[in-house]
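In what follows, a structure is listed as structure tokens, so that the remarks can point back to it.
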Amino acid sequence: MTTQYKNLINGEMIAANAWLDVLNPANEEVMGQVPDASEAELNQAVAAARAAFPKWSKTPIEERRAVIQKISAAIKENADELFRLLTTEQGKPHEQAKGEIYGAAAMSAAQSTLSLDDEINEDSETRLSRTRRVPVGVVGGIVPWNFPVMMAVQKIAPALLAGCTIVLKPSPFTPVTTLRIAELIKDIVPAGVVNIITGDDSLGPLITAHPDIDKITFTGSTATGKKIMEGASKDLKRITLELGGNDASIVLPDANVEKVAEQLFWSSFSNAGQICVAAKRIYIHEDIYDELSAAIAEYAKNVKVGDGAQQGTGVGPIQNKKQYDRVIELVQDAKDNGYKFLVGGDHDPDVPGYYMPITIMDNPPEDARIVAEEQFGPVMPLMKFSSEDEVIARANASEYGLAGAVWTANPDKGVEIAEQLETGTVWVNEYLHLSPFAPFGGHKQSGFGAEYGQEGLSEFTYPQVITVKKDNVPA
Ligand code: NAD
């Protein structure tokens, strides 16, 4: 029998009138069912979050911190069950699923150590002015399918620390592990403080439009982000948007080919390329292009594509049919235009599961769709460049501005180039590293606001300035 997972509303696990099937992308079989919540359940969840807000917002921050740490501990203690479940619904190999589960536990525990201290603006003989941070209220969290647990927890933790309550909506493609976590934290979190509800894509706009939600924190595509911004404008909800990216990696001629080949590979192919900050365009200096592209292609041949639950799999299936079809379309476009493939390119439509072979393209033109668009799949274009100015201009010629990387034997040169890239994060000689203490957010159409760090936490608050005129006390 198919396992059914319920929603967390006001401290209770609750079903809805209908169920949604969740598929295992490795074999397209139903791996679980979740409630297909309607507006009625959303209203219950929002009402619960609203009712819980006055008490939770006044709960001392140390107690709120302790609750987040208990959530983190519950995830860690159940990691073995959770990472297997995550692979079954999301597709990523077990080792990467483990990384997400332990990462979510570690990131939330670290986020819980942040503070919201008052800031003194003026403390003179005549006036004391300070800024305090007050929680915005009820938060609506909307999460994508590529890192469902990490994204859920990275919204819940700062919301709770700031004193907000939250109604969180996972992606309909990957809601199961999050609902299992809901069950695990049900008795840890006071009723109504965290509510998790699942439904199809019609639920998101209802959250954005809900008059009793004060802020939306969203991770997903730029196209949906724009709709959220529009919806939230009706009552000027606060918004944080973490959106798409088309990150460029720049490999300078002094880079150590042997060392960087493997790292460049995984910067693109971890999670089957379905990472907002994956390297989606790799620019290699012409002096080492042939050698490095051959080394990456050679490395790729030894990585196994398959069911993430099987030992030895390095790249799992694409998470869902819609994304699978999109990646196939981009590869087909490359074929139609006669672009060269170093590795891969041909998927087998008769095999169940959304498998795309590791595909590496040899120097397609800058206006190729596979270069200009966010592919979000296991397909990586390698491109040649000859001068720094040229490659910086090419890297920046994008509506996106999420992250990027520079690979070089000279870190100072790496930083010099990093400072010229129009993105929210730039790595020099590493990739995909996010710190719970540093703001993470996109420039241009990759986002609005930031998550993580003090800046991310502040987005769940309003500043309130209180000034006291010291020499004007009425008698
Ligand atoms: P998506 O935008 O299709 O969906 C994200 C979430 O929004 C889902 O929960 C979905 O149900 C919901 N949704 C859909 N339509 C909605 C609407 N009109 N109003 C409100 N909510 C709505 O994104 P996806 O396909 O799940 O995720 C892939 C995208 O997410 C990629 O573009 C990727 O780069 C981006 N992403 C960004 C980050 C980041 O931190 N910047 C992280 C992960 C993924």
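Odds and ends about this structure:
- Looking across the stretch 261-275, the residues that are within 15 Å of the ligand (Cβ to nearest atom) and either of a type outside the set (S, T, N, Q) or in a helix (DSSP H, G or I) (or both) come down to SER267, SER268, SER270, ASN271, ALA272, GLY273, ILE275.
- Options GLU28, GLU39; residue that is in contact (Cβ under 8 Å) with a residue 12 or more places away in the chain, among the charged types (D, E, K, R), assigned by TED's automatic domain parsing to the domain that holds PRO135 and closer than 28 Å to THR87 by Cα: GLU28
- Test result for ASP254, more than 24 Å from the chain's Cα centre (by Cα), in a loop (DSSP other than H, G, I, E, B) and not small (Gly, Ala, Ser): yes
- Some residue of the stretch 272-288 being over 25 Å from GLN445 (Cβ atoms) and aromatic (Phe, Trp, Tyr): no
- Residue, nearest to PHE218 (Cα to Cα), within the stretch 141-173, restricted to residues that are within 13 Å of the chain's Cα centre (by Cα) and in a loop (DSSP other than H, G, I, E, B): VAL143
- Qualifying residue in the stretch 86-96 (condition: among the basic types (Lys, Arg), assigned to a helix (DSSP H, G or I) and surrounded by 15 or more Cβ atoms within 10 Å (Cβ to Cβ)): no
- Against the numbered list (1) at pLDDT below 95; (2) within 12 Å of the ligand (Cβ to nearest atom), GLU258 comes up short only at (2).
- Of the residues screened, ARG326 is not one that is out of contact with any Lys or Arg (no Cβ under 6 Å at 6 or more places or on another chain) and within 30 Å of PRO253 (Cα to Cα).
- Within the stretch 350-442, strands (runs of 3 or more DSSP E) holding 3 or more residues that are over 21 Å from SER293 (Cβ atoms): 425-428
- From ASP362, ASP346, ASP350, residue being closer than 16 Å to SER249 by Cα and either within 16 Å of the ligand (Cβ to nearest atom) or of a type outside the set (Gly, Ala, Ser) (or both): ASP362
- Being out of contact with any Pro (no Cβ under 9 Å at 6 or more places or on another chain), within 19 Å of GLN154 (Cα to Cα) and more than 6 Å from the ligand (Cβ to nearest atom) holds for only one residue in GLY204, GLY192, GLY244, and it is GLY192.
- Annotation note: of PHE147, PHE173, the sole residue that is among the aromatic types (Phe, Trp, Tyr), over 30 Å from LEU421 (Cβ atoms) and within 13 Å of the ligand (Cβ to nearest atom) is PHE173.
- For LYS280, the stated conditions do not hold, so it cannot be described as within 13 Å of the ligand (Cβ to nearest atom), assigned to a helix (DSSP H, G or I) and within 25 Å of the chain's Cα centre (by Cα).
Let's see how each residue does on (1) at pLDDT below 95; (2) on the phi < 0 side of the Ramachandran plot; (3) surrounded by fewer than 24 Cβ atoms within 10 Å (Cβ to Cβ); (4) in the same structural domain as GLN420 (by TED's automatic domain parsing):
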site	(1), (2), (3), (4)
GLY344	no, no, yes, yes
PRO349	yes, yes, yes, yes
TYR354	no, yes, no, yes
ALA372	no, yes, yes, yes
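- GLY137 vs. criteria touching a residue at least 40 places away in the same chain (Cβ under 8 Å), among the small types (Gly, Ala, Ser) and either more than 30 Å from VAL465 (Cα to Cα) or within 16 Å of the ligand (Cβ to nearest atom) (or both): no
- Residue match in the stretch 312-324 (condition: outside the structural domain of ASN27 (by TED's automatic domain parsing) and over 22 Å from PRO93 (Cβ atoms)): no
- Within the stretch 265-288, residues that are touching a residue at least 24 places away in the same chain (Cβ under 8 Å) sit with their Cβ atoms under 6 Å from residues that are of a type in the set (Val, Ile, Thr) and within 12 Å of the ligand (Cβ to nearest atom), at 6+ positions apart or across chains, in these pairs: ALA272/ILE318.
- Scanning the stretch 429-464 for residues that are in the same structural domain as ALA110 (by TED's automatic domain parsing), more than 12 Å from the ligand (Cβ to nearest atom) and among the aliphatic types (A, V, I, L, M) yields a count of 1.
- Any chance ARG50 is under 24 Å from GLY453 (Cα atoms) and touching a strand residue (DSSP E or B) at 6+ places or on another chain (Cβ under 8 Å): no
- In the stretch 207-237, the residues that are more than 10 Å from the ligand (Cβ to nearest atom), in contact with a helix residue (DSSP H, G or I) (Cβ under 8 Å, 6 or more places away or on another chain) and not hydrophobic (A, V, I, L, M, F, W, C): HIS210, ASP212, THR217, LYS234, LYS237
- Selection count where residues are assigned to a helix (DSSP H, G or I) and surrounded by 15 or more Cβ atoms within 10 Å (Cβ to Cβ), scope the stretch 228-251: 4
The values are calculated or read from the model by the stated rules, or taken from the named source; none is laboratory data. Just so it is clear, the structure is predicted and the values come from calculations on it, not from any experiment. Backbone-built Cβ (ideal geometry, glycine too); neighbour counts: all protein chains shown.
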